[in-house]
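S.K.: Before I ask anything, let me first share the structure, which is written out below as structure tokens.
The values are calculated or read from the model by the stated rules, or taken from the named source; none is laboratory data. What you are looking at is a predicted structure, and each value in this text was computed from that prediction instead of being measured. Every residue, glycine among them, receives a Cβ derived from its backbone with ideal geometry; neighbour counts consider all protein chains shown. Accessible surface is based on the protein model in full, side chains and every heavy atom, while ligands, DNA and RNA are left aside. Shrake-Rupley method; radii C 1.70, N 1.55, O 1.52, S 1.80 Å.
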Amino acid sequence: MAYHSGYGAHGSKHRARAAPDPPPLFDDTSGGYSSQPGGYPAPGADVAFNVNHLLGDPMANMAMAYGSSIASHGKDMMNKELHRFVSVNKLKYFFAVDTAYVAKKLGLLVFPYTHQNWEVQYSRDVPLPPRQDLNAPDLYIPTMAFITYVLLAGMALGIQKRFSPEVLGLCASTALVWVVMEVLALLLGIYLATVRSDLSTFHLLAYSGYKYVGMILSVLTGLLFGSDGYYVALAWTSSALMYFIVRSLRTAALGPDSMGGPAPRQRLQLYLTLGAAAFQPLIIYWLTFHLVR
């Protein structure tokens, strides 16, 4: 009680002196926005964000950092589980890539219309690795594209002030589950159509995972140029991926061993390939439209 009375007696003398203002807890980051109150953009401003805004938003940076940790943890778990059930030697084939292959393959995924020969090359009845054959499927690009998609989704949610670990985790798991379901559906279709080909589960996983490249381009274009840019990029990447899937799977599924089969079986195999290609735009849109607003 004596402490409180003493504080009341001398408190007014201390308050009478002009004390300097305490330093701010956070730096003022409103300079990157317009001069409207609260640091928000002016009414009617374009929804698209420029590059400086994307990289300077603290929430987006935090979301990307958290997304990176989730992607790294998921990659480690996936590698651990694969090593338990899958031969590492089989996986090495799908990761035998180099810089030249990755650059050419990305260009092929974005613009496949001028590519002529779609057959996988063989050497002594053994398919050449991806770094020696552009038509060979790989798992390196789908894996890196999935991680990039998770990071980009975290940044997009952070910019829109909707980021949370639960939402980002749901976004990443949904993208992974859709690919797994697609591969299972293709395996079932191949079994029912009695397709004789060299397509394995890893081949189908690679072809299904290439959609992450189109998803990245669509979301990134949407963040930079708004919803109009998003739909333009979505239409382009979807059509390019459909063309790529049809040519690649048709060459693999309707190879020389299946050309001599009955006509109904060949039609069923062709329908399976077209159905797999037509399903790609729907998945890309479903996994990306909520990230662009």
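S.K.: Condition (residue is β-branched (V, I, T) and modelled with pLDDT of 95 or more) applied to the range 126-139: is it met by at least one residue? I'd like the intermediate steps shown before the answer.
M.R.: Restricting attention to the range 126-139, the residues satisfying the condition of being β-branched (V, I, T) are 126.
Filter once more, keeping what is modelled with pLDDT of 95 or more: none.
So far as the range 126-139 goes, no, none of its residues is β-branched (V, I, T) and modelled with pLDDT of 95 or more.
S.K.: Right, next: Here are L223, L192: which of them is of a type outside the set (F, W, Y) and crowded, with 22+ Cβ neighbours inside 10 Å?
M.R.: It is L223.
Yes/no matrix, rows are residues, columns are (1) over 16 Å from the mean Cα position of the chain (by Cα); (2) among the basic types (K, R):
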position: M155; (1), (2): no, no
position: R162; (1), (2): yes, yes
position: L168; (1), (2): no, no
position: L186; (1), (2): yes, no
position: T194; (1), (2): yes, no
position: H203; (1), (2): yes, no
position: Y207; (1), (2): no, no
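S.K.: Go through the residues of the range 108-121 one by one and say whether even a single one is modelled with pLDDT under 65 and open to solvent by 80 Å² or more (accessible area, probe 1.4 Å).
M.R.: No: the range 108-121 contains no residue that is modelled with pLDDT under 65 and open to solvent by 80 Å² or more (accessible area, probe 1.4 Å).
S.K.: Please count how many residues of the range 159-184 are open to solvent by 40 Å² or more (accessible area, probe 1.4 Å), among the aromatic types (F, W, Y) and part of a loop (DSSP other than H, G, I, E, B).
M.R.: 0
S.K.: Then there is this: Of all residues in the range 136-158, count the ones that are farther than 18 Å from L223 by Cα and open to solvent by 40 Å² or more (accessible area, probe 1.4 Å).
M.R.: Final tally of qualifying residues: 2.
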